[in-house]
Structure formats: structure tokens, C-alpha cells
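The values are calculated or read from the model by the stated rules, or taken from the named source; none is laboratory data. Here the structure is a predicted model, which means the values were calculated and not measured. With ideal geometry, Cβ positions are generated from the backbone for all residues, glycine too; neighbour counts draw on all protein chains shown.
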Amino acid sequence: AYRIAIVAGRFNEALVDSLVKNARATLEEAGVPAPVIERTPGSNELPYAASLLAKSGEFDAIIAIGLVIAGATNHHNVIGDSCAVALHQLSIDTQMPIINGITVVETHAQAEARAGTEINRGREFALAALEMAQLQRTWKNHQPR
């Protein structure tokens, strides 16, 4: 079985909790033991939390879940872009699948659609983590012919 961790921001907590719940249920359906769940103040802190967990060597994949809704400034794009870059680089540097589950939206309605039952992003994040954990397992110990 795979060992999966979820790091999730508390900002926009009710919607993030829905994403976490959907991801967790999907992992459990796949036979994965209950994931370790760590919380951060918001999405901006997720790359650091993911880094700590990745470097622990305890996990086959990590899912970073956050929700950033546009406000009066461009802050949401800055957070979304910088966190995406950091999570991708961390994944490459640690050779660990880290799923970017930070959803950046323009409106609260878009956030509700993606964190509810209409579009189940939490499920998608979990399925991506499982697929990438399998890919890693296939190739990590691969011996050249």
C-alpha cells in the first residue's frame, strides 16, 4: 500500500475541508491507509510543509490542497504561480510526486463548484497522487537492460 500525506491550508477552511474529505475518501476506496494530514495557515505555506514531509522519506506521494479566491488585487495569481513553481521544483528535487492541489479561482461560486460535488477536485488530486506513486514505484528501482 502507498503512504500518502495531505498538506492543506486553513484559509477558506470549509471549502478546503471538502477537498481534503474527497481526497481522503478516494484514497481509502483505493485501499490506502488513512493519510497523514497536516494543516498550514494558508496556501502560501504549503510548499514548505510539503518540503518537510517529502524530506522525511515517509511517503510515496504528497497532495498539497489549498484554495485561493481572487480579491481586489493580483495576490491570488502571485500565490498560485509561486506555489506551483515551488511545488514542482520540490517534486523534482526530492524525486517525490507532489500533487499541486492549490485551486485558484476568480469567484466564490467557482470555488464552491470545484470543492463541492459538481467538480470533485479532491478526488482528482488523490487519483493523480496514486498514479504518480505507481509510476515512481515502477521506475525508482528500474534496472537498465
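Tell me, please, whether a residue that is within 18 Å of Asn12 (Cβ to Cβ) and modelled with pLDDT of 95 or more can be found in segment 52-61. Within segment 52-61, none of the residues are within 18 Å of Asn12 (Cβ to Cβ) and modelled with pLDDT of 95 or more. Select, from Val32, Val36, Val20, the only residue that is surrounded by fewer than 19 Cβ atoms within 10 Å (Cβ to Cβ) and either touching a Pro at 6+ places or on another chain (Cβ under 6 Å) or not charged (D, E, K, R) (or both). Result of the check over Val32, Val36, Val20: Val36.
Can you give me the number of residues within segment 57-86 that are part of a helix (DSSP H, G or I) and either of a type in the set (D, E, K, R) or under 20 Å from Ala126 (Cβ atoms) (or both)? Don't jump to the end; show me each part of the working.
Pass one, segment 57-86, residues part of a helix (DSSP H, G or I): 75-86.
Now drop any that are not either of a type in the set (D, E, K, R) or under 20 Å from Ala126 (Cβ atoms) (or both), which leaves 81, 83-84.
Final tally of qualifying residues: 3.
Each residue in segment 96-145 was checked for being among the polar types (S, T, N, Q), within 25 Å of Gly31 (Cβ to Cβ) and out of contact with any strand residue (DSSP E or B) (no Cβ under 9 Å at 6 or more places or on another chain), and 5 pass.
What do you reckon, is Gly122 buried (at least 20 other Cβ atoms within 10 Å of the Cβ) and more than 15 Å from Ala49 (Cβ to Cβ)? Lay out the reasoning, then the answer.
On the way: buried (at least 20 other Cβ atoms within 10 Å of the Cβ): yes; more than 15 Å from Ala49 (Cβ to Cβ): yes.
Yes, satisfied.
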